[in-house]
Amino acid sequence: KKIVDETANYPTSALRIHAVGEPLLWDSLKEVLCYAKEKNVKNWIFTSAVTKDDSQLESLATNCSIIEVSINSFDSSNYKDTKGIDEYELVKKNLEFLSNYKKVNKLDCRIIVSRVQSEDKEYDQKFVEHWKETGLVDDAFIRSYHDYNHAISNKLDAKTRESVPCLVHWARFNVDCSGEVVICFNE
């Protein structure tokens, strides 16, 4: 609540709930989202959308400004290959639920899907086209592949770059689910 209250003082800011674990596993998520909406704080949740709890999905659609689902695929096989679990059909069903719930209740949340850039540019493009054509989402896009400041090898960029400090922690104030500030959202 303290973070939401502080964010409310800056109307151009947004509360982005992601990283440090799957937000849908957070017991206080519904309470936080309701409180943020009550305080007129824009919020953006980044989730895998792997849940069988429709009330959780209703809370997202009702209280979130943006729901970003990291579905990463448009078919079961690629989903399993890239995510390591076989939950594509559940996530697709949840996107259908969110889209329908949004329309029926005339909600203004944005539903978007994303995929991390891969070596298969054709599949990346088809991902965007597929999800936009479904009418289930407001947008679909490819997230740029990044190597966390050279901490992992960058398969997509063979160029050698000089090591530069990461600037993300200056652009985003990161708080984990325990309320502790973390330097990096990937900690």
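The values are calculated or read from the model by the stated rules, or taken from the named source; none is laboratory data. Given the structure is predicted, the values throughout are model-derived calculations rather than measurements. When we count neighbours, we look across all protein chains shown, and the Cβ atoms used for this are built from the backbone with ideal geometry, even at glycine. What goes into the accessible areas is simple: the full protein's heavy atoms, side chains included, and nothing from ligands, DNA or RNA. Shrake-Rupley method; radii C 1.70, N 1.55, O 1.52, S 1.80 Å.
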Of the criteria (1) at pLDDT 95 or above; (2) closer than 23 Å to F141 by Cα, which one D54 fails
(2)
Any residue at all in region 4-12 that's of a type in the set (F, W, Y), farther than 27 Å from V182 by Cβ and either more than 17 Å from the chain's Cα centre (by Cα) or not in a loop (DSSP other than H, G, I, E, B) (or both)?
no
Mind telling me which of the residues E38, E96, E122, E89 ends up being within 19 Å of I142 (Cβ to Cβ), open to solvent by 60 Å² or more (accessible area, probe 1.4 Å) and at pLDDT 95 or above?
E122
Scanning region 125-148 for residues that are open to solvent by 60 Å² or more (accessible area, probe 1.4 Å) and assigned to a loop (DSSP other than H, G, I, E, B), the one nearest to K52 (Cα to Cα) turns out to be D138
With the condition kept exactly as written, say whether any residue in region 70-81 is open to solvent by less than 50 Å² (accessible area, probe 1.4 Å), under 18 Å from the mean Cα position of the chain (by Cα) and under 16 Å from S99 (Cα atoms).
yes
Would it be correct to say that F74 is of a type in the set (A, V, I, L, M, F, W, C), more than 30 Å from V4 (Cβ to Cβ) and part of a loop (DSSP other than H, G, I, E, B)?
yes
Take W44 and decide whether it is within 20 Å of D139 (Cα to Cα) and either touching a residue at least 24 places away in the same chain (Cβ under 8 Å) or out of contact with any strand residue (DSSP E or B) (no Cβ under 6 Å at 6 or more places or on another chain) (or both).
yes
Which of the numbered conditions does N105 fail, given that it passes all the others? Conditions: (1) over 27 Å from S76 (Cβ atoms); (2) modelled with pLDDT under 95; (3) open to solvent by less than 90 Å² (accessible area, probe 1.4 Å).
(2)
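Residue by residue, here is whether (1) more than 22 Å from E129 (Cβ to Cβ); (2) open to solvent by 40 Å² or more (accessible area, probe 1.4 Å); (3) of a type in the set (S, T, Y) holds:
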{"position": "K1", "(1), (2), (3)": "yes, yes, no"}
{"position": "A8", "(1), (2), (3)": "yes, yes, no"}
{"position": "N43", "(1), (2), (3)": "yes, no, no"}
{"position": "K83", "(1), (2), (3)": "no, yes, no"}
